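The structure appears right after this line, and notes come after that.
We did not get these values from a lab; they are worked out from the coordinates using the rules stated. Computed from a predicted model, the values in this text were never measured in an experiment. Don't worry about glycine lacking a Cβ; one is built from the backbone with ideal geometry, like all the others, and counts go over all protein chains shown.
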Amino acid sequence: MPDLEDLYQQLIIDHNRNPRNFRSLEGANRTAFGDNPLCGDRIQLFLKVEDDTIKDIGFQGSGCAISQASASLMTQAVLGKSTEEAEALFRAFHEMVTGPRDLAPDRKLLGKLAAFAGVRDFPARVKCANLPWHTLKAALQGAKEPVTTE
Ligand code: ZN
């Protein structure tokens, strides 16, 4: 039986190799660009938001496995959610990767996103995991400037 850590690692490897929703979006009404120069991660997000709901989402990008898998899993997690629910996920995710070690992630809320809980032990990787989420927040807020982790 593989333990939870192994399952999580496989999930990240799988999403890096076969990113979901990896496409630009025709008719996107929110977009944002995120950049993590420390690692060389780049994420372009495309959203179709109607009635405060994320009706469709896609991303394109390049960079390390953590950043690309995080973007892929994020698009799956927020698709069909209200913008408020997406912001709640942003907060829970952010807390999980930056919070103290003994703070257990809210697995019920986070689902597969809990795969990134181990990232908090690797400070250099936290920005990689967070980049897609900061980019999402910027897109939802209609930011004009690119997001950078620096
Ligand atoms: Zn990275």
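Before moving on, here are some points about what is shown:
- Point-charge dipole on Cβ atoms (K/R +1, D/E -1) for the stretch 25-111, about Cα centre, debye to 20: 240
- Among 57-69, 5-17, the order from most to least packed when residues are scored by Cβ within 10 Å on average: 57-69, 5-17
- 0 to 90° range, to nearest 10: angle between helix 123-140 axis and the chain longest Cα axis: 30
- For the stretch 17-52, the set of chymotrypsin sites (Phe, Trp or Tyr not before Pro) satisfying both a DSSP loop assignment and a count of at most 12 other C-beta atoms within 10 Å is empty.
- Charge dipole (debye, nearest 20) of the stretch 14-72; +1 at Cβ of Lys and Arg, -1 at Cβ of Asp and Glu: 200
- Unit Cα scatterers, Debye sum, the stretch 1-113: log10 I(q)/I(0) for q = 0.14 Å⁻¹: -0.61
- Loop trypsin sites (Lys or Arg not before Pro), the stretch 33-107 (other Cβ atoms within 10 Å of the site Cβ: 11 or fewer; DSSP): R101
- Against the chain, whose longest principal axis is taken from its Cα atoms, helix 83-98 shows a tilt of about 30°.
- Two-site FRET efficiency, K144 against S62, from Cβ-Cβ distance with R₀ of 25 Å, rounded to 0.05: 0.65
- The chain - charge dipole about Cα centre, Lys and Arg +1 at Cβ, Asp and Glu -1, debye rounded to 20: 200
- Equivalent ellipsoid dimensions for the stretch 111-150 as semi-axes, Å, which come from the Cα gyration tensor, largest first: 22, 13, 4
- Charged neighbours of K55, selected by a Cβ distance under 14 Å, balance to -3 (K, R count +1; D, E count -1).
- Between helix 4-17 and the chain: long-axis angle, C-alpha atoms, 0 to 90°, nearest 10: 40
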